[in-house]
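Only one structure is covered here, and it is reproduced in the block below.
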């Protein structure tokens, strides 16, 4: 498993796993921006590639493989930082964040966590709003941060706001004005992709810092 570790290796009381989205990898610009912000705040983070990316494929692995890789990466982050799983925030972009939530909300062998950082949660597959990916939501008891664009075609504001009511843990929602699922703003908004990424990073760091010691 290819990984990129950032931030202090000792002395932190929390760390963050940042998984990539389906069409990207661990070098995604937004993930790098978020990782840099965590590092500046002295919060360790770990990015990793799912197996299909390391193999040079574009189509994501089967669910069981993605699940296992997410668990393996969380174990690696705990090992490097010498923190317990309960001190880790799991998450990432789109598919990666979703799998973080799936391992934490698993019916069998759930992974303990400090919280879930869901950057553009894909509430449903493209064109399938009638098939929401929320079956595990009632099993989520940890704090969750959803950072989504107001133009996200995979999770409308109304649909996501309604869906998260099933989550048992405290939920924080942050809406990125004019951004789509890829965090790209409308040109007419006057915003840039970099502006949005910086906002995502700031909000993510502040939220992780606010979690209980």
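Determine whether residue 73 is surrounded by 19 or more Cβ atoms within 10 Å (Cβ to Cβ) and in a helix (DSSP H, G or I).
For residue 73, the condition - surrounded by 19 or more Cβ atoms within 10 Å (Cβ to Cβ) and in a helix (DSSP H, G or I) - is met.
Looking only at the range 1-42, residues that are touching a helix residue (DSSP H, G or I) at 6+ places or on another chain (Cβ under 6 Å), part of a loop (DSSP other than H, G, I, E, B) and under 16 Å from residue 202 (Cβ atoms) come to 1 in all. Checking 19, 28 one by one, the residue that is modelled with pLDDT of 95 or more, within 22 Å of residue 82 (Cα to Cα) and either crowded, with 22+ Cβ neighbours inside 10 Å or within 14 Å of the chain's Cα centre (by Cα) (or both) is 19 and no other. The listed residues are 116, 102, and the only one of them that is within 23 Å of residue 164 (Cβ to Cβ), under 17 Å from the mean Cα position of the chain (by Cα), part of a helix (DSSP H, G or I) and modelled with pLDDT of 95 or more turns out to be 102. Among the residues of the range 143-155, those that are buried (at least 21 other Cβ atoms within 10 Å of the Cβ) and either in contact with a helix residue (DSSP H, G or I) (Cβ under 9 Å, 6 or more places away or on another chain) or not in a loop (DSSP other than H, G, I, E, B) (or both) comprise 143, 144, 145, 146, 147, 148, 149, 152, 155.
Among residues of the range 162-192 being part of a helix (DSSP H, G or I) and surrounded by 18 or more Cβ atoms within 10 Å (Cβ to Cβ), the one that is farthest from the chain's Cα centre (by Cα) is 163. Which is surrounded by fewer than 20 Cβ atoms within 10 Å (Cβ to Cβ), without any contact (Cβ under 8 Å) to a residue 12 or more places away in the chain and within 24 Å of residue 74 (Cβ to Cβ), of 158, 195, 130, 109? So the residue among 158, 195, 130, 109 that is surrounded by fewer than 20 Cβ atoms within 10 Å (Cβ to Cβ), without any contact (Cβ under 8 Å) to a residue 12 or more places away in the chain and within 24 Å of residue 74 (Cβ to Cβ) is 109.
Please indicate, with yes or no, whether at least one residue in the range 52-59 is modelled with pLDDT of 95 or more, farther than 24 Å from residue 206 by Cβ, more than 15 Å from the chain's Cα centre (by Cα) and buried (at least 17 other Cβ atoms within 10 Å of the Cβ). Within the range 52-59 (the criterion being modelled with pLDDT of 95 or more, farther than 24 Å from residue 206 by Cβ, more than 15 Å from the chain's Cα centre (by Cα) and buried (at least 17 other Cβ atoms within 10 Å of the Cβ)), the answer is yes, since at least one residue qualifies.
The values are calculated or read from the model by the stated rules, or taken from the named source; none is laboratory data. As the structure is a computational prediction, the values presented were derived from the model and not from experiment. Virtual Cβ from ideal backbone geometry, glycine too; neighbours counted across all protein chains shown.
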